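The values are calculated or read from the model by the stated rules, or taken from the named source; none is laboratory data. Being a predicted model, the structure only gives us computed values, none of them experimental. No Cβ is skipped: glycine too gets one built from the backbone with ideal geometry, and neighbour counts run over all protein chains shown. Accessible surface areas use protein heavy atoms only, side chains included; no ligands, DNA or RNA. Shrake-Rupley method; radii C 1.70, N 1.55, O 1.52, S 1.80 Å.
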Amino acid sequence: MSDTLAGSAAEATADVPEYPMARAAGCPFAPPPEVMELAEQRPLSRVRIWDGSTPWLITGYDAVRTLFSDSRVSVDDRRPGFPHWNEGMLSTVHKRPRSVFTADAEEHTRFRRMLSKPFTFKRVEGLRPAIQQITDDSIDAMLAGPKPGEIVAGLALPVPSLVISQMLGVPYEDAEMFQHHANVGLARYAAAEDTMKGAMSLHKYLAQLVEAKMEEPAEDAVSDLAERVKAGELSVKEAAQLGTGLLIAGHETTANMIGLGVLALLQYPDQAAVLRETDDPKVVANAVEELLRYLSIIQNGQRRVAAEDIDIADDVIRAGDGIIIDLAPANWDAREFAEPDRLYLHRSGAGQHVAFGYGRHQCVGQQLARAELQIVFHTLVRRIPTLELAVPIDEIPFKHDRLAYGVYELPVTW
């Protein structure tokens, strides 16, 4: 390569911004300003990640929905070019059995079918009284406890953890153990060794639970998986991997959404009043959709890789190029949502957000998450109408370093 060509190539890559990017101080709910600047210029652009590779960052709402639905876009994290989230994820890639999260096409359909039973509308609706009870018990305990109280430990973690434990048939006394192991691999700089240890412990635990449910099944999701193992449709390893994924996804994301959502409602009391003053389930449901759109807690993107060349928005994503689909800028795309930086719980079209993804890989547990969030937010603002922050907002520790954005703790008083 001539010096001129080498120089211009180096210059071109020097212009590629590092990703993920920092949020602005004092704007905890907004996507990082640099991401929004890229999004304003065009719906996709190149970024550089931790391993030096330069995948495509997808920020435009239409481009996000298009790529989520494109069968040439693969979730298979073993493919060369896949933009792994950290070294830990990369190190375990060939040691993990395939699952609904990393399988394409027919293999994905097969796994998805295995998970359909626990998440049917009927099963989730049947859980509402239990979710309500767990929520009320958590709020009772907080009101009876010392002031200031703390939302994350008092409400945001116990509710989804108890619910997913009940749903999966995992004894709740083991919840602390799985929370610990789940958290290890989700740190941005998770080391390979720590991730491996946590994954192995969880996997072993779930495998033993699957085997126990094969002997004594109950009405829960792990028993459903155990039934599939007995029928020869799944191996114990595959069942354990699916169970582990549900366990982590089932409490980590909803817990963060509760913590951050409560903070947003406290910052916008006029919007909290919308929830407090309604008995209409449709208004409550729409409020939750708007909070999901506004907060987009899965930060740093859904990771994919192109299996073939894809022409999109005047660019070509080549086969083998990494793809990061960033939900937050898509949910703040002004072409789709008027005044996207405004939290407006009566927003029409709030449900068009992509917080749960889109297309065939859309979150399998989204109905459960919706039920939990509707019950928790509505019940909390009703039962503690005088709830307020116990510290200034700039003292709240935010999860800038996690896969899911949220708060580490949220001290409140009333």
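Round to a whole number: what % of the accessible area of the chain belongs to carbon and sulfur, probe 1.4 Å?
52
Note down the accessible area of Lys237, probe 1.4 Å, to the nearest 10 Å².
Per-residue accessible area (Lys237): approximately 140 Å².
Efficiency by 1/(1 + (r/R0)^6): what FRET value for Arg42 and Asp174, r their Cβ-Cβ distance, R0 = 56 Å, to the nearest 0.05?
On the way: r = 47 Å, r/R0 = 0.85.
Efficiency at R0 = 56 Å is approximately 0.75.
For the pair Gln362 and Glu219, how long in nm is the line joining their label points, each one 7 Å along Cα→Cβ?
With each label point 7 Å from Cα toward Cβ, the separation is 2.7 nm.
Restricting to DSSP loop positions (anything but H, G, I, E, B) with no more than 13 other Cβ atoms inside 10 Å of their own Cβ, which GluC sites (Glu not before Pro) remain in the stretch 208-285?
Values: sites: Glu211, Glu215, Glu219, Glu227, Glu233, Glu238, Glu252, Glu277; in loops: Glu219, Glu233, Glu277.
When the GluC sites (Glu not before Pro) of the stretch 208-285 are filtered for loop state and at most 13 Cβ neighbours within 10 Å, Glu219, Glu277 remain.
Can you pull the three principal axis extents for the Cα set of the stretch 208-265, in Å, largest first?
Computed over the stretch 208-265, the largest-to-smallest principal extents equal 47, 20, 16 Å.
Could you grab the Rg to Rh ratio for the stretch 228-374? Cα atoms only, Kirkwood for Rh.
In the stretch 228-374, Rg relative to Rh is 1.05.
Rounded to the nearest 10 Å², what accessible area does Thr386 have for a 1.4 Å probe in the complete protein model?
90
Can you bin the stretch 246-285 into rounded, prolate or oblate? Criterion: square roots of the alpha carbon gyration tensor eigenvalues sorted a ≥ b ≥ c, rounded for a/c under 1.5, prolate for a/b above b/c, oblate for the rest.
Here the stretch 246-285 falls in the oblate category.
Given the pairs Lys122/Lys237; Lys117/Lys230; Lys95/Lys197; Lys95/Lys204; Lys197/Lys237, which are separated by over 18 angstrom at their Cα positions?
Lys122/Lys237, as the Cα separations exceed 18 Å there.
Check every DSSP H run in the chain and write down those whose alpha carbon atoms cover 30 angstrom or more along the long axis and whose mean Kyte-Doolittle hydropathy is -0.5 or greater.
121-144, 192-215, 236-267
Sort the chain into rounded, prolate or oblate with this rule: let a ≥ b ≥ c be the square roots of the eigenvalues of the Cα gyration tensor; rounded if a/c is under 1.5, and if a/c is not under 1.5, prolate when a/b is larger than b/c, oblate otherwise.
oblate
How large is the helix-only mean residue ellipticity at 222 nm for the chain, computed as the sum of -39500 (n - 2.57) over DSSP H runs with n ≥ 4, divided by its residue count, in deg cm²/dmol to the nearest 500?
Mean residue ellipticity at 222 nm (helix-derived): -15500 deg cm²/dmol.
Working from the alpha-carbon coordinates of the stretch 293-414, get Rg over Rh, Rh being the Kirkwood radius.
1.03
If Asp224, Asp311 are ordered by their accessible area, calculated over protein heavy atoms with a 1.4 Å probe, which sequence runs from highest to lowest?
Ranked list, largest accessible area first: Asp311, Asp224.
Kirkwood Rh over alpha-carbon pairs of the stretch 31-187, then Stokes-Einstein at 10 °C and 1.306 mPa s: what D in µm² s⁻¹, rounded to an integer?
81
Given a Förster radius of 41 Å and the C-beta distance between Asp51 and Ser201 as r, what FRET efficiency does 1/(1 + (r/R0)^6) yield to the nearest 0.05?
Computed FRET efficiency for Asp51 and Ser201: 0.95.
What distance in nm separates the simple spin-label points at Ile384 and Glu211, each placed 7 Å from Cα in the Cβ direction?
With each label placed 7 Å out from Cα toward Cβ, I get 4.3 nm.
Please give the solvent-accessible surface of Met200 in Å², to the nearest 10, using a probe radius of 1.4 Å with every protein chain present.
About 110 Å², rounded to the nearest 10.
For Glu150, list long-range residues whose amide hydrogen, built 1.01 Å from N in the peptide plane, is under 5 Å from its own amide hydrogen.
Under 5 Å from the amide H of Glu150 lie the amide H atoms of Val412, each far enough along the sequence or on another chain.
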